[in-house]
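Any read-out appearing in this document is the output of simple, stated calculations on the displayed coordinates, not a laboratory observation. Predicted model only: the values in this text are computed from it and were never measured. Because the Cβ atoms are built from the backbone with ideal geometry, glycine has one as well, and the counts that use them run over all protein chains shown.
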Amino acid sequence: MNIFTDWPSYLPELLAGLGVSVQVALLSLAIGIPGGLLLAIGAGSKNKLVRVLIIGVVEIGRGTPALVVLQIFYFGLPASGLTLTSMAASVVALAATTAAYTSEILRGGLQAVPQGETEAAGALGMNRKDTLRFIVIPQGFRVAIPSLIGFAILIFQATSLAYTVALPELLSQAYSIGSTTFNYLSVLLLAGLMYAAITIPASWLTGRAEKRLAQHL
Amino acid sequence: MDIFLTVLQGVPMTIGLTVSALAIGAVGGIPLALGRRSQIPALRFLAVSLIEILRGIPPIVWLFIIYFGLGTALPQLDPLTSAIVGLGVISCAYMAEIYRGGLSAVAQGQWEASEALGMGRQSVLTFIIGPQVFRVSVPAAASYAIGLIKDSSVAYTIGVTEIVYFANDQSRQSSDALGPFFIAALVYVIMTIPCAWATRALDARLRMRVAR
Amino acid sequence: MPPMQEKPLTKPLAIRLDSIAKNYGEHTVLKNVSLTVREGEVTALIGPSGAGKSTLLRCINLLERPDTGCITVEGSRIDAGTNFTTKDLAALRRNVGMVFQSFNLFPHLNVLRNVSIAQERVLGRTRKEADVRSLQLLERVGLADKAKQYPSRCSGGQQQRIAIARALALDPRVMLFDEPTSALDPEVGLEVLAVMKELAAEGMTMVVVTHEMQFARDVSDHLVVMANGAILEEGHPEDIFTDPVQPRTREFLRAVLER
């Protein structure tokens, strides 16, 4: 069996694909996490309508598979006159999914900040906005970091869904090599190992982050 | 309305796929979880490596490896079998981790009490710890199952006729490209949200019967 | 014109609470409590747990909003029964510092930032100005060397002294202490009490909810005994400790002193 012998020849194209995957993941997180934070803050709003609306959006966002969100943006939207490139559709779709999921993670983090912290800030005369910005959000974010890393790993894996919209990411590259060489097993295994080479060390990082956090707060 | 009914045709496949994969995971997760806690280092290493590699590679890649990859070496499996096997082995790894969490949640005192009664390790595990582990694992397993309903949508990429497959088909055939996907999203939301509620209620009830 | 103005018998009022009432659902926590605190005076609030001491204290800076009643602190007045603006609230809190039982330092900021942040955000001081003031205050509570540490690296007594410095940094005219030593070992509590005594000696107006009877007796100018959401009696600490009027006060003092 020549499973491994051809690996060097696959590597350049696969690495290019991996670059695209990483890029999509980072962009999605960079857009999605601030979005998630806004949703998390909004979910604590005093206005009941705002609260219900946001919780509704988040539940729908979390209930829908990322794959379906992706298809909506890539195949669905052109019907309403807005055509996105496969890159843009992938980033927007995964960012939306990120926002929905991380809003729950961050909401948990914000709620974990003891009430005494808010009271202390209030007693010091800090207004609601400053209290949120300087006291509650930084602490809530720290609490959320291990879960956020865990989620980032899942989003990186989810970039493989962009294969369905013909984005030249890692899986697409592997598949196209497979379809010309018919050596699917070899190239797909290599691609899988490349995903694992990033996700496995990253998940160790989660464990370390948890330990460090336990020391500090 | 026609589109809605067509997309609904995928529901039995989505459910069947999810349930089959979950069943494989619920059973296969047990040896993996025990392997992780084994006193034999080699066994422990093997279990950890398997779990990490299964969880570290995206589900869609596993399906491709099984459907397209193994297909070139062995007689090709049909899409549904490939999807069940793929999602099933991934579920083994996730369930193993869930059981591991459950094992550490059961109070040390339960082991000690059983040993003091003169029970062997095997029977402690089977009659005392095991049942409690399953109970504490229910909430995590349920939320994993909810995730799996959504993750099973990747099976469409190898041609399994589940929800997204029909949505895609409709989107391409009808003049309405967007509608079928919204319907698919709606169907998933309708399937997952009640599951989440049921889990919370079940969790509260099972928690009462576990020693911590 | 008299050659030397005699020390006025009554100093001006720093805090005035008028009929403060507070209920949690069916449960009444404060029953129309009225209280005045004079400038430069140390008032100690004592009484059995559940008496409403902490709630009353927290009403002074409106961390707890009373259902009805009027609060006046250094000229800022808020009627809890009516709607007031955040501006009114800010004006009142501007003069009030508070120290909590559980310190409530900001764990993600180092000690210096803990003391400086509110100066910057509330008083609009620059970071440099704020840090200079913070270091002075940390020096004063004996913790200047901890400025760059994080609160988690400090002992409980140190944390509480930092919390005092943090409150003082806004130059409050009144300081509220909510059981400041209850979370501390008795010995460690002493270093916090020492700082509080110093503050009292310098003429800071203080209201202290406490279980430290020695502190209440020795340091306070005015003692308030509370039970069941109302003031049982108040007056000079020595008088109350030696000859309480109310049987309930007698009972309470016997319970805490004779153990």
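Key figures for this structure:
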| quantity | calculated |
| --- | --- |
| Cα centroid separation, segment C:19-88 to segment B:7-38 (Å) | 59 |
| Contact order relative to length of chain B, as percent, for alpha carbon pairs under 8 angstrom and 6 or more apart | 31 |
| Calculated FRET efficiency for the pair C:Asn32/C:Val245, C-beta based, R₀ 22 Å, to 0.05 | 0.65 |
| Gained length - C:Glu129 relative to C:Arg16, 0.36 nm times residue gap less alpha-carbon distance | 37.4 nm |
| Estimated FRET transfer efficiency when R0 is 60 angstrom, pair B:Leu34-C:Glu233 (beta carbons, to 0.05) | 0.30 |
| Chain C: relative contact order as a whole-number percent, Cα under 8 Å and 6+ apart | 25 |
| Computed FRET value (nearest 0.05) for A:Ser203 with C:Glu139, which takes r as the C-beta separation and R₀ as 45 Å | 0.45 |
| 18 Å Cα-Cα threshold exceeded, pairs from A:Lys46/A:Lys129; C:Lys22/C:Lys53; A:Lys46/C:Lys53 | A:Lys46/C:Lys53 |
| Estimated 222 nm signal from helices in the protein assembly as shown, with DSSP H stretches of n ≥ 4 weighted -39500 (n - 2.57), rounded to 500 | -19500 deg cm²/dmol |
| Inter-chain Cβ neighbour average for residues A:159-166, partner chain, 10 Å | 3 |
| Dipole axis of chain B (+1 Lys, Arg; -1 Asp, Glu on Cβ), positive-most option in B:Val7, B:Gln122, B:Ile30 | B:Gln122 |
| Per-residue HN-Hα couplings for segment A:78-94 [Karplus 6.51, -1.76, 1.60; θ = phi - 60°; Hz; x = Gly/Pro] | x, 4, 9, x, 10, 9, 10, 5, 5, 5, 4, 4, 5, 5, 4, 5, 6 |
| For segment C:151-195 versus segment A:148-212, the gap between their alpha-carbon centres in whole angstrom | 52 |
| Cut-off 14 Å between beta-carbons: net charge of the residues surrounding C:Leu170, Lys and Arg +1, Asp and Glu -1 | +2 |
| Of every Cα-Cα pair in the protein assembly as shown, the percent that sits beyond 42 Å | 46 |
| Normalised contact order of chain A, rounded percent, pairs of Cα under 8 Å and 6 or more residues apart | 28 |
| Segment C:204-250 versus segment B:55-114: alpha-carbon centroid distance in Å | 68 |
